[in-house]
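Enquirer: Take a look at this one; I'll ask things after.
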Amino acid sequence: MTKKTKLTDIASLFKDLNIESLDGVTIEGDIELNITGGGGLNPALAYALGQEISHISLHMANIGRILGYPVDQLFSQAPGMGVAGVTTPTKTTMQELLAAKFEVSPIKNWTNPIQEVTLGATSADGGSRKSTVTLGGENALPYYFDAEMPHRNYITMDVFDMPIGMAKAVKSNYEDVINDPAEWAKKVVRDFNADMVTIHLISTDPLIKDTSARDAAKVVEDVLQAVDVPIVIGGSGNPQKDPEVLEKAAEAASGERVLLASASLNLDYERIAKAAVDNGHVVLSWTQLEINAQKELNRKLMKQCNVPRDSIIMDPTTAALGYGLDYAYTNMERIRLAGLMGDDELTFPMSSGTTNAWGAREAWMVSSPLPQDSEWGAREYRGPIWEIITGLALSLAGNDLFMMMHPTSVQVIKEITQTLYGSIESKTVDISNWIGAEV
Amino acid sequence: MKINSPLEAYKYLPATNCGECGEQTCMAFAAHLIDRSKKLTECKPILEEKFAKKFKELQTLLAPEIREVEIGVGERAVKIGGDDVLYRHRLTFFNQTALAYDVWDTMPENEFVERVKKIDDFKKFYVGSFLTLNMVAVRCVSKDPKKFANAVKKVIENTDMPLILCSFDPAVLKAGLEVAKDKNPLLYAANKDNWQQVADLAIEYNVPVTLFSPDDLDTLKSLAVTFAKMGTEKLVLDPGTFPTGKDLKKTFTNFLKIRRAGIEGDKDIAYPIMAVPLTAWMTQDDVVSASYWETVVASIFTIKYGDVMIMHSLEGYALLPQLHIRDTIYTDPRKPVSVQPGMNKIGTPDKDSPVLVTTNFALTYYTVESDLASSKINCYLWAIDTDGLGVEAAVAGGQLTAAKIKKGIEDSGFDLKKDTTHNSIVLPGLAARLQGDLEDETGARILIGPADSGRLPGWMEKNWPPKPK
């Protein structure tokens, strides 16, 4: 019986035999190795392999021995190829590139898909939105080749129910609408291409204006009238007042499948969860840079408050570039990896308050307060890119939805996330001689 | 690294607990070997002849999966590569991405020197030290070996930074090498056409070399295998940086694949990776758009496995985020990040200005500082040493106490009675429970600030200056 084995198959055979190293081995082309019944290596073949194989003859010999072939006998018959004489030269002249095949395996333990969550409801589903946004569904880290990413990233732009302090570069875009949340919402959708709008009811804070929950709900209605994209409703962050404000807002937006922001461990999350469930909304589960707290809150929302799995999005907190982004990045990456590897308490889409980037002084200060620093560059360019890089880093960690503020940042984040998602055509450019490029 | 428990490393150590490495026991030293905070050569006894075999074996086991390549000489030499993990939380990423900025040999002399100096000088203060750029990449645009050599010479005259010599013409590279042969520059690059001559140069001058194979990982691996066979493993891989669209996605995929294969044990491809975000300039027309896109591309490959990068924009608004994203990704996640404890003046405080305390957890401290500075609140802010914990955790864990606050203020030579008119301290809202203790300790009036420093401006309006009791 004759077995025909292509020499290229031998490499994999070697691997299985636990050989330490096969540096520099290439066996290519149409040469075939005939292993006859008794298991013999044709001396003519050894000759054909010639120089190329001699330097690895030690390895080959070992394989041969494992295969049961009397290798040493063969070597002794071949003048100048004694095993003991093999040394690795410090420099070898090569005529041809050694052939090699690049191979890499997909990740095997990403077995658990991320939950899909849809925001917004069209008239068919009892709402009045013209479009919806679906997040999640990933089977791999974002943009990885291991699995197709089912949905692109989305951006919701911030609108406030009263004028607030903002960096100059941000404010200049909103001065005409700063007193009118509905107009503001229209502007971000119409002019800045926002996928969604977040209405922050910050004036409800007792320490700010103490606007009543009822009045705040009216603002929500105005915004829902003004735009037909899905919306996010944010409270003021006051843990005593937020449950009431979000309850009233949830009722006002009943059936629209908004994202209620947010439930957290330091307020009455049950009330917020109930408001979401009763009115068909999604809950934003917000924790502060702590993966175990995130698990706990998600668990409570699911088990204690009966929030369906398709109605939870996580905000594990966004810290600005230079101000804790390392924690925020790694926290998100760990959450996403845990989800993909089967932790059902963490398999939810994620949202980032990317606007937090504007808290970094590098984003808004005219120049460095420190005389030793080199020029920081114009702040009108520094601010948006601070928001962009903060968001971009988190997109690579698995973030799905970005809450953002500056139109330029929104545009660039859309461009780069959709580039990595794979939906943007390339500009033709020959990089093969970039060295001589005129730049 | 082929082993992951201290016990596995311990087996190879002398087990004498001699303490020469600074650790009390060999087991403790072994733990540092595994977390890579100590080097095997710090164990003096194992360097003795009788342990030679064990030393060699352990050194092989401890070697990082991705080879480490050194570029340049002296204090500013950089090491790249040396990683063992795909995610920073699994250990940490080693050897920050080296940032090289370009000059080219057709630049007018005065601009050339000015640019080199700018690259050399750029710095940004951050958490106690300066973030800086690393290297100068000299591009041969003239195609003239003499002009190139002259440019390389001018760089060397103006900076100690490591060099990257960029040309596909071996004659040009050789001319540059002749000038920079003592500087251990990185050659850029060998490709499928010039590889024999470039390999000869790399080996003859004993310098690291980049292998360039745009979007062809088989050829890239062929080059790497061939160079290793020819006698050098000081290699850097450039799979091409395509700056836009689906091509950029392919580039991203190539970086992921190369690093994953390397970490998973394919030694043939386990080398540092180079990105060239400079290619962004080939598709953008104006400086701002090009700088933005270059920074975006560079950030992606800082996060995903780029070990060295060649860039162009020296605009401050591009360099700042680039330096910070690198610091973000390479900060050791095992160490809590903390700031220097002590007093910091925000704005221009005087005797009527409030005295606030917070912790020395960098994130907390910088948040409070930034909240105060952005609201133009002139004040004294103390970072109390809490071993780098935030306020809530430090109060709960006893790292933030009345005694520590008192000591912190006194250590700065500050006297509340003399240096302020109000003799009061503002405590973070989350540390309210220390109020009574702190009053007893200091005799000062203790005010409770908001739980979130973002609310300090509103709080100040209502509560400052403090009303007489």
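The values are calculated or read from the model by the stated rules, or taken from the named source; none is laboratory data. Just so it is clear, the model here is predicted, and its values are computed rather than measured. Don't worry about glycine lacking a Cβ; one is built from the backbone with ideal geometry, like all the others, and counts go over all protein chains shown.
Enquirer: Taking A:Arg309 as the residue in question, decide whether it is away from chain B (no Cβ under 14 Å) and among the basic types (Lys, Arg).
Expert: For A:Arg309, the condition - away from chain B (no Cβ under 14 Å) and among the basic types (Lys, Arg) - is met.
Enquirer: Is it true that some residue in segment B:40-60 is buried (at least 18 other Cβ atoms within 10 Å of the Cβ) and of a type in the set (D, E, K, R)? Steps first, answer last, please.
Expert: Of all residues in segment B:40-60, those buried (at least 18 other Cβ atoms within 10 Å of the Cβ) come to B:40, B:43, B:46, B:55, B:58.
Then drop every residue that is not of a type in the set (D, E, K, R), which leaves none.
No.
Enquirer: Across segment A:301-328, which residue is nearest to A:Leu289 (Cα to Cα) among those that are at pLDDT below 95 and of a type in the set (Val, Ile, Thr)?
Expert: Ranking the qualifying residues of segment A:301-328, first place goes to A:Thr317.
Enquirer: Moving to a separate point now. If you go through segment B:252-268 one residue at a time, how many are of a type outside the set (A, V, I, L, M, F, W, C), closer than 24 Å to A:Gln418 by Cα and facing chain A (nearest Cβ under 7 Å)?
Expert: Adding up the residues that qualify gives 3.
Enquirer: Could I ask something else about it? Please enumerate the residues belonging to segment B:404-462 that are assigned to a helix (DSSP H, G or I) and among the hydrophobic types (A, V, I, L, M, F, W, C).
Expert: Hits for segment B:404-462 are B:Ile405, B:Ile409, B:Leu416, B:Leu430, B:Ala431, B:Ala432, B:Leu434, B:Leu438, B:Leu456, B:Trp459, B:Met460.
Enquirer: For A:Ala437, work out the one condition from (1) of a type in the set (A, V, I, L, M); (2) under 29 Å from A:Ile335 (Cβ atoms); (3) at the interface with another protein chain (Cβ under 8 Å from one of its Cβ atoms) it doesn't fulfil.
Expert: With respect to (1) of a type in the set (A, V, I, L, M); (2) under 29 Å from A:Ile335 (Cβ atoms); (3) at the interface with another protein chain (Cβ under 8 Å from one of its Cβ atoms), A:Ala437 is out only on (2).
Enquirer: Separate question: Restricting the search to segment B:394-428, which residues are over 19 Å from B:Pro465 (Cβ atoms) and buried (at least 17 other Cβ atoms within 10 Å of the Cβ)?
Expert: B:Ala394, B:Val395, B:Gln399, B:Leu400, B:Thr401, B:Ala402, B:Lys404, B:Ile405, B:Lys406, B:Gly408, B:Ile409, B:Pro428 - these are the residues of segment B:394-428 that are over 19 Å from B:Pro465 (Cβ atoms) and buried (at least 17 other Cβ atoms within 10 Å of the Cβ).
Enquirer: Kindly check whether there is at least one residue in segment B:235-251 that is at positive phi, at the interface with another protein chain (Cβ under 7 Å from one of its Cβ atoms), under 27 Å from the mean Cα position of the chain (by Cα) and of a type outside the set (A, V, I, L, M).
Expert: yes
Enquirer: Right, next: Which ones in segment B:111-122 are touching a helix residue (DSSP H, G or I) at 6+ places or on another chain (Cβ under 9 Å) and outside any loop (DSSP other than H, G, I, E, B)?
Expert: B:Phe112, B:Val113, B:Val116, B:Lys117, B:Asp120
Enquirer: Quick test of your reading of the structure: A:Ile202 fulfils all but one of (1) touching a helix residue (DSSP H, G or I) at 6+ places or on another chain (Cβ under 9 Å); (2) within 14 Å of another protein chain (Cβ to nearest Cβ); (3) more than 23 Å from A:Ile413 (Cβ to Cβ). Name the failing condition by number.
Expert: With respect to (1) touching a helix residue (DSSP H, G or I) at 6+ places or on another chain (Cβ under 9 Å); (2) within 14 Å of another protein chain (Cβ to nearest Cβ); (3) more than 23 Å from A:Ile413 (Cβ to Cβ), A:Ile202 is out only on (1).
Enquirer: Right, here's the next one. Restricting attention to segment B:313-355, which residues are surrounded by fewer than 22 Cβ atoms within 10 Å (Cβ to Cβ) and of a type in the set (Asp, Glu)?
Expert: If the condition is that a residue be surrounded by fewer than 22 Cβ atoms within 10 Å (Cβ to Cβ) and of a type in the set (Asp, Glu), then B:Asp327, B:Asp332, B:Asp350, B:Asp352 are the ones that fit.
Enquirer: Looking at segment B:176-233, which of the residues that are within 8 Å of another protein chain (Cβ to nearest Cβ) and hydroxyl-bearing (Ser, Thr, Tyr) is nearest to the chain's Cα centre (by Cα)?
Expert: Across segment B:176-233, the extreme among qualifying residues is B:Tyr188.
Enquirer: Now, a different point. List pairs: first in segment A:425-439 and within 15 Å of B:Gly245 (Cβ to Cβ), second among the aliphatic types (A, V, I, L, M) and modelled with pLDDT of 95 or more, Cβ under 8 Å, 6+ apart or cross-chain?
Expert: A:Ser426/B:Leu248; A:Val429/B:Met282; A:Ile431/B:Val276; A:Ile431/B:Met282
Enquirer: In addition: Mind counting the residues in segment A:353-363 that are assigned to a loop (DSSP other than H, G, I, E, B) and in contact with a strand residue (DSSP E or B) (Cβ under 6 Å, 6 or more places away or on another chain)?
Expert: 1
Enquirer: Here is a further query. Return the pair list, or none, for Cβ contacts closer than 8 Å from residues in segment A:373-393 that are under 20 Å from A:Ser352 (Cβ atoms) and touching a residue at least 24 places away in the same chain (Cβ under 8 Å) to residues that are of a type in the set (D, E, K, R) and in a helix (DSSP H, G or I), at least 6 apart or on different chains.
Expert: A:Trp386/A:Glu362
Enquirer: I've got another one for you. Specify the residue that is nearest to the other protein chains (Cβ to nearest Cβ); the eligible residues are those in segment A:388-434 that are hydroxyl-bearing (Ser, Thr, Tyr) and assigned to a loop (DSSP other than H, G, I, E, B).
Expert: Per the criteria, the residue is A:Ser426.
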